[in-house]
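S.K.: Here's a structure for you.
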């Protein structure tokens, strides 16, 4: 197995440990055990836990970003659409950030742990800020596509922040309290907000 594939396997093991036991339980030892490697082999790929955590968080940000970009590219290819279709496309796009299936639930669970960890670990802070900035940039593009062309830029910025905050809140609540906010309901709330924004 080449080094890149081994690193991907190690990151997948880290995600499994973090999802199952929480990021506080992630260590070189627990990740090595989960990956079926001895600690020396793991250290060949990652010299420290800091290096492993940064690589894993970067991999997660990149993976979600790539998935979002692929959806954005498909939307662009569709050209101008009626309002209802634009709302549906925007809902599908932003729903990528909600825990609507096992993969996204696992990603968001681990990502929330990573962002909380980044608050006190400066080596991860730039990645957390990049993710937050990226989601706000995405929200701004969505708002600009949904509102009237004459909407002032400062209003678009305000609505983009409102939308990004809504998506963040829906995601957090759907992870922490799925019995209170089931993922399907989170998607319905998102669609209702986007519909109101577009009218």
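Coordinate-derived values only; no laboratory data. Because the structure is predicted, anything quoted here is derived from the model rather than measured. Glycine also receives a Cβ, built like all others from the backbone with ideal geometry; neighbour counts cover every protein chain displayed.
S.K.: Within the stretch 81-199, which helices (runs of 4 or more DSSP H) (wholly inside it) include 3 or more residues that are touching a strand residue (DSSP E or B) at 6+ places or on another chain (Cβ under 9 Å) and surrounded by 18 or more Cβ atoms within 10 Å (Cβ to Cβ)?
M.R.: Hits in the stretch 81-199: none.
S.K.: Which pairs turn up if I take residues in the stretch 96-112 that are in contact (Cβ under 8 Å) with a residue 60 or more places away in the chain and look for partners that are in a loop (DSSP other than H, G, I, E, B) and surrounded by fewer than 20 Cβ atoms within 10 Å (Cβ to Cβ) with beta carbon separation below 7 Å, at least 6 apart in sequence or on another chain?
M.R.: Cβ pairs passing all conditions: none.
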